[in-house]
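A short write-up of the structure that comes next.
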Amino acid sequence: MKLGIGIIGCGGISPSHINIYSGFPEEVQIVAVCDIEKERAESRKQIVRDTYLKRVAEHQEQAEKAESQSDKDKYAKLVEECKNAAEIEVVTYTDYEELAQDERVNAVNICTPPFAHPPPMIAAANAGKHVFCEGPIAGDLKQADAMIAAARANQIKFTVQYGTRFSRGSRMAKYAIDEGKLGKILMGKVDVMWYRGQSYYDSGAWRGTWAGERGGATFHHGRYAIDLYLWLMGDVSEIYAQMDTFTHQIEVEDCSMSVLRYKHGALGQILASTSAHSGIAPSQRIEIFGEKAAISVIPNWGVGSSEQGYAEQLKQELEAAVPELPYGGMVGQMKDFIDAIREDREPYITGESVRPQVEVTRGIYKSAATGQPAKLPLKPYDPYYAG
Ligand SMILES: NC(=O)c1ccc[n+]([C@@H]2O[C@H](COP(=O)([O-])OP(=O)(O)OC[C@H]3O[C@@H](n4cnc5c(N)ncnc54)[C@H](O)[C@@H]3O)[C@@H](O)[C@H]2O)c1
């Protein structure tokens, strides 16, 4: 049986979710959309239909060009599936509680702004629906923990969008570190040096505010690379940070620099900005240094070592151990979510595993505000745990 999908939040990112699901018409069917602004929900309903019809045209062309009968049959089947999907009535809602109660909906994608992730996620979980939530999970640890608890209590599959973990380079880095191939980890660094004009922040009332975006360059814009970096490096025990708002009329920071100490003893660094002009170095970088070797994770995968021959040997070993992924990025993560539901297993990225992105950023904000190192974990009575 196909999984019925509901989309909550019909703004900028929602067409990407619709497009990705339309690539798996034999497994899922979008049946409902919801936005507090009715016309947005109506427009996404139309986009659902248009997206399936675009797929029909693509698969028809693929069927015509296919050389083998089995490929012709495969594409002909996809044409039928997408035609049927385009014909199904997509219900529009303005109240996420109503969508959550819709019996045709098995899983929900939360595409609301960061401040509005927790209520629809928890409503969907309490209604027994699986949840794919846009990142960041939530603005603080209290909300993130409530979402994780709701997922566990209702035994639903819950994942948060970090498609960056769905690349072969990321998986090879994880394998290399977990298997000790780099030796003891000494240092790691992540740079997210982006440029955004004021018009970007002016494009939505929630952008650039503490209440709406729940943080700036570090929490919101840097989250993909920072999540990947933290996932690879492990638990942080202490943070010292400075931050500022240099070039934008916004409440939140557009620059932060942080020094970290990891539980396993390594030192780390996080740089995040939306005021950094581009053109002198890759905007996003993750580099990790161990006793035996160093790796570059993004933008380019690479291994280096001063030990004669070790880098080449390790590169070959990692390529042999970690296969190409069938689907990369957000497509890979949404396919994994579908498979996790079908196979009744954990998604590759759980709610628990994205929690450090919130905790470390809250620690950065605490240290920058107090001028003191912030120790992790942040306990529930800490002012930076909630709020
Ligand atoms: N736009 C992007 O390129 C992009 C990329 C990656 C991730 N994201 C993430 O996706 C999420 C949404 O971003 P966006 O750019 O689509 O935002 P957006 O402001 O364009 O759209 C959000 C939509 O949610 C609706 N909404 C707000 N509260 C709601 C509620 N309680 N119930 C139903 N609908 C509600 C709004 O009316 C709006 O239409 C954010 O977490 C963002 O970080 C966005």
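The values are calculated or read from the model by the stated rules, or taken from the named source; none is laboratory data. Quick caveat: nothing in here was measured; it's all calculated off a predicted structure. Because the Cβ atoms are built from the backbone with ideal geometry, glycine has one as well, and the counts that use them run over all protein chains shown.
Can you tell me how many residues in region 85-99 are in contact (Cβ under 8 Å) with a residue 40 or more places away in the chain, assigned to a helix (DSSP H, G or I) and over 30 Å from Thr218 (Cα atoms)?
Residues flagged as in contact (Cβ under 8 Å) with a residue 40 or more places away in the chain, assigned to a helix (DSSP H, G or I) and over 30 Å from Thr218 (Cα atoms) within region 85-99 amount to 3.
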- Query: Listed residues Gln357, Gln333, Gln313; which is free of Cβ contacts under 8 Å to residues at least 60 places away in the same chain and either within 25 Å of Asp178 (Cβ to Cβ) or surrounded by fewer than 20 Cβ atoms within 10 Å (Cβ to Cβ) (or both)?
  - Reply: Gln313
- Message: For the condition surrounded by 20 or more Cβ atoms within 10 Å (Cβ to Cβ), touching a residue at least 12 places away in the same chain (Cβ under 8 Å) and in contact with a Leu (Cβ under 6 Å, 6 or more places away or on another chain), what is the one hit in Tyr365, Tyr384?
- Response: Tyr384
- Task: Output the number of the condition that Lys129 fails; it satisfies all remaining conditions of (1) farther than 22 Å from His264 by Cβ; (2) surrounded by fewer than 19 Cβ atoms within 10 Å (Cβ to Cβ); (3) of a type in the set (Lys, Arg).
- Result: (2)
- Note on the structure: When every residue in region 228-245 that is touching a Phe, Trp or Tyr at 6+ places or on another chain (Cβ under 9 Å) and free of Cβ contacts under 8 Å to residues at least 60 places away in the same chain is compared, the one surrounded by the fewest Cβ atoms within 10 Å (Cβ to Cβ) is Gly234
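Here's the yes/no breakdown for (1) in contact with a His (Cβ under 9 Å, 6 or more places away or on another chain); (2) assigned to a loop (DSSP other than H, G, I, E, B):
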residue	(1), (2)
Gly6	no, no
Gly12	no, yes
Ile36	no, yes
Gln46	no, no
Arg49	no, no
Asp71	no, no
Ala76	yes, no
- Item | Qualifying helices (runs of 4 or more DSSP H) (wholly inside region 165-229; at least 3 residues being under 20 Å from Ser283 (Cα atoms)) | 168-178, 198-202
- Message: Condition first: hydrophobic (A, V, I, L, M, F, W, C), farther than 30 Å from Thr245 by Cα and touching a helix residue (DSSP H, G or I) at 6+ places or on another chain (Cβ under 7 Å). Now tell me which residues in region 326-374 satisfy that.
- Response: Met330, Val331, Met334, Ile349
- Message: Tell me the residue from Ala57, Ala41 that is farther than 20 Å from Ile338 by Cβ and either at pLDDT below 95 or within 12 Å of the ligand (Cβ to nearest atom) (or both), please.
- Response: Ala41
- Residues (among the aliphatic types (A, V, I, L, M) and closer than 30 Å to Glu319 by Cα) located in region 267-297: Leu267, Ile270, Leu271, Ala281, Ile286, Ile288, Ala293, Ala294, Ile295, Val297
- Message: If I filter region 8-22 for residues that are away from the ligand (no atom under 15 Å from the Cβ) and either in contact (Cβ under 8 Å) with a residue 40 or more places away in the chain or touching a Pro at 6+ places or on another chain (Cβ under 9 Å) (or both), do I get at least one hit?
- Response: yes
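To keep it simple, each residue is scored yes or no on (1) small (Gly, Ala, Ser); (2) in a loop (DSSP other than H, G, I, E, B); (3) under 23 Å from Val131 (Cα atoms); (4) over 18 Å from the mean Cα position of the chain (by Cα).
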site	(1), (2), (3), (4)
Tyr348	no, yes, yes, no
Val354	no, no, yes, no
Val358	no, no, yes, no
Ser367	yes, no, no, yes
Tyr384	no, yes, no, yes
- Query: So which residues in region 79-104 are away from the ligand (no atom under 12 Å from the Cβ) and either in contact with a Lys or Arg (Cβ under 7 Å, 6 or more places away or on another chain) or not assigned by TED's automatic domain parsing to the domain that holds Gly11 (or both)?
  - Reply: Cys82, Ala86, Val90
- Item | Enumeration of residues in region 105-137 that are more than 10 Å from the ligand (Cβ to nearest atom), in contact (Cβ under 8 Å) with a residue 40 or more places away in the chain and in a loop (DSSP other than H, G, I, E, B) | Val105, Asn106, Lys129
